[in-house]
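Values in this text are rule-based calculations from the coordinates and carry no lab data. If you're wondering where the values come from, they're calculated on a predicted model, not measured in any experiment. Heads up, the Cβs are rebuilt from the backbone with ideal geometry, glycines too, and the neighbour counts pull from every protein chain shown.
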Amino acid sequence: MPAPRILILGATGGLGRALHRHLSAGYATTSWGRGELDFEQPDSIAARLEAHPFDVLLNAAGMTSPDACEVLPERALLANAVAPQIIAESCHARGARMIHFSTDYVFSGAAHDLWCEADETAPVNVYGRTKLAGERAVLKVSPGALVARVSWLFGPDKPSHPDSMIQRALLTDDLSAVEDKVSVPTSNADICGWIEQLIVRHPTTSGVLHLCNSGVASWHSWAEAALTIAERLGVPVKTTRVQPVTLASLTQLKAQRPLMTVMSNAKLQGLLGEEIRNWHDALEDYLVQKYQPK
Ligand SMILES: NC(=O)c1ccc[n+]([C@@H]2O[C@H](COP(=O)([O-])OP(=O)(O)OC[C@H]3O[C@@H](n4cnc5c(N)ncnc54)[C@H](OP(=O)(O)O)[C@@H]3O)[C@@H](O)[C@H]2O)c1
């Protein structure tokens, strides 16, 4: 079978950039940003896609800030649900496979065992509701599509929580982070490897699949882990200790956040036939490459 031609949407985003770097090394890969395909101009999407040849489309674009979604719900709906549905229709019509990225924020955040793919969804904010609407729309019009839910991404292409905590710790030892909100930090680099396998070795896998590292973290334990690794690597952080605070104390947030959205990756492990490493090991790899590049 010839190597699939891949189209990535979200070229300027953290995950989109990582996917492009990884996949373009081995496959004919094109990446489009908002300039090439604007999700808020739904009438132009189908024709734009029809004019471009591809076999697999990875949709890593969307309105990803919960607070922005909360104040701009119509735009969030276009970006996270309406446009993905049109894209899925296009993919289905041409026999291409769509892999659509979604989020752990489709879950309520109530106390729960690890959330599995089949568990009930009940998002608490506009971001989660529009992402869930996108998942459902994509799978309805393109049953062969794959919805890949991810959580708490980190990697070299966009600063995230560990990067900002390390930056702040270079300036002050007075740091705080939320302790009562938990999920699974997940390496963009690891996602790239799993996605390549899903494209090449599992071309017919469809439905919902959780793509996350193993383990559990709060924003607080994630921050302290990053600071401890950074200190060991010689980064002159002023502290590795972070004051724990509650989510309720962050009164400036516009969107409610779910508290407990730790996803199970058992289905992914079963599919790939390999153990999925812990987020801490993946974080260590990322920080070693950032601060001690070979
Ligand atoms: N980051 C996380 O921790 C996290 C957690 C759970 C799920 N996810 C999901 O993972 C996926 C990738 O996330 P990410 O962190 O890589 O996102 P990101 O860095 O915020 O990138 C989002 C991408 O979407 C593009 N975009 C936004 N609105 C658009 C529009 N109207 N038309 C076309 N493109 C538009 C952005 O373009 P511009 O640069 O022009 O804005 C950017 O390329 C998303 O589906 C997200 O919901 C992420």
| said: Only counting other Cβ atoms within 10 Å, I'd like 39, 101 sorted with the fewest neighbours first. | reply: 39, 101
| field | Theoretical gain in end-to-end length, residue 180 to residue 232 [0.36 nm per residue, Cα-Cα removed] | value | 16.1 nm
| query | Distance in nm between label sites at residue 249 and residue 172, each 7 Å beyond Cα in the beta-carbon direction? | reply | 1.3
| task | Using every pair of alpha-carbon atoms in the chain, split the distances into 10 Å bins beginning at 0 and state the percent of pairs per bin, rounded to integers. | result | 6, 28, 36, 22, 7, 1
| note | GNM on the chain, Cα springs under 10 Å; top mean-square fluctuation among 209, 72, 37 goes to 72
| field | Contour minus Cα-Cα distance for residue 93 and residue 75 (0.36 nm per residue) | value | 3.9 nm
| message | What does the net charge come to around residue 55 if you take all other residues with beta carbon closer than 10 Å to its beta carbon, with K and R at +1 and D and E at -1? | response | +3
| remark: For the pair residue 200 and residue 25, the simple spin-label estimate (label points 7 Å beyond Cα toward Cβ) gives in nm 1.1
| message | Place a point 7 Å from Cα of residue 43 in the direction of its Cβ. Which residues in region 59-75 have their backbone N less than 20 Å from it? | response | 74-75
| About the Cα centre of the chain, what is the dipole size in debye to 20, counting +1 per Lys and Arg Cβ and -1 per Asp and Glu Cβ, all else neutral? | 440
| What FRET efficiency would be calculated for the residue pair residue 34, residue 111, taking the C-beta separation as r and a Förster radius of 51 Å, to the nearest 0.05? | 0.85
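Pick out, in residue order, every one of the GluC sites (Glu not before Pro) in region 99-202 that is DSSP loop and has at most 13 other C-beta atoms within 10 Å; say none if there are none.
Working: sites: 117, 120, 135, 179, 196; in loops: 117, 120, 179.
Passing sites in region 99-202 are 120.
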| message | Distance between the C-alpha centers of region 58-103 and region 219-276? Whole Å please. | response | 26
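Using a ≥ b ≥ c from the Cα gyration tensor of region 143-294 (square roots of the eigenvalues), is it rounded, prolate or oblate, where a/c under 1.5 gives rounded and otherwise the larger of a/b and b/c decides, a/b for prolate? Don't skip to the answer; put the middle values down first.
Working: a/c = 2.56, a/b = 1.52, b/c = 1.69.
Since a/c reaches 1.5 but b/c is at least a/b, the shape of region 143-294 is classed as oblate.
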| How many nm separate the modelled label positions at residue 292 and residue 122, each set 7 Å beyond the Cα in the direction of the Cβ? | 4.6
